[in-house]
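*Asks:* Dropping a structure here in C-alpha cells format, bear with me for questions.
The values are calculated or read from the model by the stated rules, or taken from the named source; none is laboratory data. Just so you know, these numbers come straight off a predicted model, no measurement behind them. Because the Cβ atoms are built from the backbone with ideal geometry, glycine has one as well, and the counts that use them run over all protein chains shown.
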Amino acid sequence: MIFSLNHNAEKHSECYLKVESRDMEMLQSKPGRIVFARLSENEDLLEAINVVAEKSRILAGFFILIGTLKKANLGYYREGKHETIKVDGPVEIVSCTGNISLKNEKPFAHAHVSVSNERGEVMGGHAMPGCTIDIIGQLVLVEATDARLLVKFDEKTKLFLWSLEK
C-alpha cells in the first residue's frame, strides 16, 4: 500500500491523502460551528436536516439526532438499489448519524437510523424519505469548515458516493 500526502504547510487543516493501492481518498478538516435544532412534528426527517444545513450555510459536516418517528422508512442496499422496510410507529430513534455533503450544489443529508418499538425491538438501516417526525427530533450538526464534499452518481454501485476534492 502506497500513501501520498499533500499537506499545505500554510493551512494545516488542509490535508489530502491519496491511497494508491486502493480506490480510497481522505480529506481532513477542522470542526467549525455546532448547530442545535429542534425538528417539528410531521416534518420529513431528511428534508428537515437538509433545511437546517441550508439555512446554516453548512456545506459539509456530520450530525447526530435523537427523537421519535411516526413512521420509519429504512433502506437496505442490495444489488444496486435500496429496498425499503416500512416500520409503523410511533418508534423511538435509538441512534441516527450521518453526514452532510453537496448534491446538485445543495446540502444533502445521508443518514442511518436505528429505531425501537414499544417492546424494545430494534430495526435499522439507511434513512429513506418518508421518515416522519412524531413528537420531537433533536439535531446536533457539526460543520467541517474547509471541506467540500460532493456526491456524484457511481455507475458501478448505482449510489451517490463522495467525490473528495482538494
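*Asks:* Suppose the filter is farther than 27 Å from THR157 by Cα and modelled with pLDDT of 95 or more; does ILE66 pass it?
*Replies:* Spelling it out, ILE66 is indeed farther than 27 Å from THR157 by Cα and modelled with pLDDT of 95 or more.
*Asks:* When the residues of segment 119-166 are filtered to those that are touching a strand residue (DSSP E or B) at 6+ places or on another chain (Cβ under 8 Å) and among the charged types (D, E, K, R), which remaining residue is nearest to PRO31 (Cα to Cα)?
*Replies:* Checked segment 119-166; the qualifying residue nearest to PRO31 (Cα to Cα) is GLU143.
*Asks:* Among all residue pairs at least 6 apart or on different chains, which show Cβ distances below 6 Å where the first residue, located in segment 27-49, is among the aromatic types (Phe, Trp, Tyr) and the second is in a strand (DSSP E or B)?
*Replies:* What qualifies is PHE36/VAL140.
*Asks:* Restricting attention to segment 126-140, does a residue exist that is more than 29 Å from ARG57 (Cβ to Cβ) and free of Cβ contacts under 8 Å to residues at least 60 places away in the same chain?
*Replies:* No; the residues of segment 126-140 include none that is more than 29 Å from ARG57 (Cβ to Cβ) and free of Cβ contacts under 8 Å to residues at least 60 places away in the same chain.
*Asks:* Among residues belonging to segment 126-143 that are outside any loop (DSSP other than H, G, I, E, B) and of a type outside the set (A, V, I, L, M), point out the one that is surrounded by the fewest Cβ atoms within 10 Å (Cβ to Cβ).
*Replies:* Out of the qualifying residues, it is GLN138.
Here is a yes/no grid of residues against (1) part of a loop (DSSP other than H, G, I, E, B); (2) free of Cβ contacts under 8 Å to residues at least 40 places away in the same chain; (3) in contact with a Leu (Cβ under 7 Å, 6 or more places away or on another chain):
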| position | (1), (2), (3) |
| --- | --- |
| HIS82 | no, no, no |
| ILE85 | no, no, yes |
| GLY89 | no, no, yes |
| THR97 | no, yes, no |
| LEU102 | no, no, yes |
| SER114 | no, yes, no |
| GLY124 | no, no, yes |
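*Asks:* If a residue has to be within 19 Å of PRO107 (Cα to Cα), in contact (Cβ under 8 Å) with a residue 24 or more places away in the chain and not small (Gly, Ala, Ser) to count, how many in segment 141-161 make the cut?
*Replies:* Total satisfying the criteria: 11.
*Asks:* For segment 1-48: of the residues being of a type in the set (A, V, I, L, M, F, W, C) and in contact with a Cys (Cβ under 9 Å, 6 or more places away or on another chain), which is modelled with the lowest pLDDT?
*Replies:* Step one: filter segment 1-48 for residues of a type in the set (A, V, I, L, M, F, W, C), giving 1-3, 5, 9, 15, 17, 19, 24, 26-27, 34-37, 39, 45-46, 48.
Next, from what is left, pick out any that are in contact with a Cys (Cβ under 9 Å, 6 or more places away or on another chain): 5, 26-27, 45-46.
Numbers: LEU5: 41, MET26: 80, LEU27: 81, LEU45: 98, LEU46: 98.
In this case the residue turns out to be LEU5.
*Asks:* Output the residue which, of all residues in segment 144-161 that are among the acidic types (Asp, Glu) and part of a loop (DSSP other than H, G, I, E, B), is surrounded by the most Cβ atoms within 10 Å (Cβ to Cβ).
*Replies:* Among those residues, the one meeting the criterion is ASP146.
*Asks:* Test PHE108 against the stated conditions and say whether it is surrounded by 14 or more Cβ atoms within 10 Å (Cβ to Cβ), touching a strand residue (DSSP E or B) at 6+ places or on another chain (Cβ under 7 Å) and not basic (Lys, Arg).
*Replies:* yes
*Asks:* Then there is this: Looking only at segment 86-100, which residues are modelled with pLDDT of 95 or more and not basic (Lys, Arg)? If you could, list the steps in order and put the result at the bottom.
*Replies:* Just the residues of segment 86-100 that are modelled with pLDDT of 95 or more, to begin with: 86-87, 90-100.
Across segment 86-100, the qualifying residues are VAL87, PRO90, VAL91, GLU92, ILE93, VAL94, SER95, CYS96, THR97, GLY98, ASN99, ILE100.
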